[in-house]
Amino acid sequence: MNKSKIIIKNFGYFFILMFFASCNEETKYINPEIKNITESVYASGIIKSKNQYEVFSKINGIVAKVVLTEGSAVRKGDTIIQIYNESSKLAFKNARLNSVYSDYNFNLEKVNEAEKAIKLAKQKLTNDSLLFVRQKNLWEKGIGIKIELEQKELNYENSKLNLTSSITKYNDLKNQLQLISKQSKNNLEISKLLESDFYVKSEIDGIIYQIYKEKGEIVNNLSPIAIIGADDFEIELSVDEYDITKIKKDQTVFVRMDSYKNQVFEAKITSIDHIMNAKTRTFKAVAGFVDRPKVLYPNLTTECNILIQTKENVLIIERDYLLNDSTVMLESGKIQKVKIGLLDYNKVEIINGLSKSSKIIKQGK
């Protein structure tokens, strides 16, 4: 047999095999099955420490000392970073000295002198009043001269004005000293607050996860100094706006992480934001672990499936066999309209239009 006959013969076998393969493909079908199906919503997520926040300085300055280190436990009120504050210390000392000097009790001697002046004015008024009355009585009896009466009356009127003036000065002095005393104390408190701003402190009990600054670096109130959070973790989820109406508190969440491959952890939805992020078109939801990994760190990424509902013993087919979400192709080639229910990544529930005995094929087969 020559080579040309062998080639023709081989091609004949090839076409026969292709024919049978084509026939097998054409007759390939599936039957709907009775199984369970679960509807879930996908959401990306990030691990965050509870109460996690970025620490900012209230003032601008230079780091004088980094008191605590990354990974260390911290209590509320503990100093994390100290900022250079020599000028603040001097201002505080001046405010304290001024507070002592301006204190009301420190100036009581001035108040006592003003009180003495009132007493003397009262005594002089009493004396001038008696002299005026006596001179007036004499004048009425025809004794004395008018100029003496007028002089006594003038002294009496001057004494009344002097007493009024002494009382006014006393009240003004007292009010002024009280005001200065209060102002100096307020300035001292302000100085204390300003000085405390040079000590950046923790607002919570927790862990220092990151410190961004070192000694000698510049700090301001625009850039974070550190990240602090609790030693407990939660998952911050980004839920698409098309799915948010399905999400409710206490729904189960299945969590997967690159750090724990081939493991799935359970969590529960604990809160849902009531406003959408306009930039990402997503809503923030928070889930707490039911089954927590032993080791976690902030900012680990997660992929989550939020369980919406589960149906048991329903008629399902593979999603690949569904056409336009409303029809399937029967074995005969006929297009059959169906009503669908729940969907997951691979399967779809058929509510009506098919039975267990129905034979369906993929389009184009």
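The values are calculated or read from the model by the stated rules, or taken from the named source; none is laboratory data. A quick note: this is a predicted structure, and the numbers were derived from the prediction, not measured. No Cβ is skipped: glycine too gets one built from the backbone with ideal geometry, and neighbour counts run over all protein chains shown.
Annotation for the stretch 110-128: no member residue is part of a helix (DSSP H, G or I), under 30 Å from LYS215 (Cα atoms) and either touching a Lys or Arg at 6+ places or on another chain (Cβ under 6 Å) or not polar (S, T, N, Q) (or both). Only residues that are among the charged types (D, E, K, R), surrounded by 12 or more Cβ atoms within 10 Å (Cβ to Cβ) and over 11 Å from GLU318 (Cβ atoms) were counted across the stretch 338-356, and they come to 1. On the stretch given as the stretch 238-266, residues that are assigned to a strand (DSSP E or B) and more than 30 Å from SER72 (Cβ to Cβ) total 11. Which is more than 13 Å from PRO298 (Cβ to Cβ), touching an Asp or Glu at 6+ places or on another chain (Cβ under 7 Å) and either at pLDDT 90 or above or assigned by TED's automatic domain parsing to the domain that holds VAL63 (or both), of ILE211, ILE227, ILE204? Only one candidate qualifies: ILE211.
Selection of the stretch 334-351 for residues being in a loop (DSSP other than H, G, I, E, B) and at pLDDT 85 or above yields LYS334, VAL338. What number of residues within the stretch 109-154 satisfy the criterion of being farther than 30 Å from GLN178 by Cα and among the acidic types (Asp, Glu)? Qualifying residue count, the stretch 109-154: 5.
When the test is whether a residue is in contact with a strand residue (DSSP E or B) (Cβ under 6 Å, 6 or more places away or on another chain) and either under 30 Å from LYS48 (Cβ atoms) or loosely packed, with under 15 Cβ neighbours inside 10 Å (or both), THR280 does not pass it.
Scanning the stretch 126-148 for residues that are within 30 Å of TYR53 (Cβ to Cβ) and in contact with a Gly (Cβ under 8 Å, 6 or more places away or on another chain) turns up nothing.
Could you grab me the full set of residues in the stretch 174-214 that are over 13 Å from ASP78 (Cα atoms) and of a type in the set (Val, Ile, Thr)? Hits for the stretch 174-214 are ILE180, ILE190, ILE211. Condition (residue is farther than 27 Å from THR38 by Cα, of a type in the set (A, V, I, L, M, F, W, C) and either outside the structural domain of ARG75 (by TED's automatic domain parsing) or assigned to a loop (DSSP other than H, G, I, E, B) (or both)) applied to the stretch 283-298: is it met by at least one residue? Looking for residues that are farther than 27 Å from THR38 by Cα, of a type in the set (A, V, I, L, M, F, W, C) and either outside the structural domain of ARG75 (by TED's automatic domain parsing) or assigned to a loop (DSSP other than H, G, I, E, B) (or both), one finds at least one in the stretch 283-298, hence yes.
Within the stretch 116-128, restricting attention to residues that are surrounded by 14 or more Cβ atoms within 10 Å (Cβ to Cβ) and among the charged types (D, E, K, R), the residue that is farthest from the chain's Cα centre (by Cα) is ASP128. Taken together, the criteria place ILE218 among residues that are among the β-branched types (Val, Ile, Thr), in contact (Cβ under 8 Å) with a residue 40 or more places away in the chain and surrounded by fewer than 16 Cβ atoms within 10 Å (Cβ to Cβ). All but one of (1) assigned to a loop (DSSP other than H, G, I, E, B); (2) within 30 Å of LYS284 (Cα to Cα) hold for ILE37, so report the exception by its number. Here ILE37 meets the rest and fails (1). Screening PHE265 with (1) buried (at least 16 other Cβ atoms within 10 Å of the Cβ); (2) in contact (Cβ under 8 Å) with a residue 60 or more places away in the chain gives one miss only, at (2). The set of residues in the stretch 40-64 being among the hydrophobic types (A, V, I, L, M, F, W, C) and in a loop (DSSP other than H, G, I, E, B) consists of PHE56, ILE59. Before we move on, is ILE143 more than 30 Å from GLU303 (Cβ to Cβ), assigned to a loop (DSSP other than H, G, I, E, B) and either out of contact with any strand residue (DSSP E or B) (no Cβ under 8 Å at 6 or more places or on another chain) or not aliphatic (A, V, I, L, M) (or both)? Judged against the criteria, ILE143 is a match.
Confirm whether ILE145 is closer than 30 Å to SER102 by Cα and over 60 Å from the mean Cα position of the chain (by Cα). So ILE145 fails the test.
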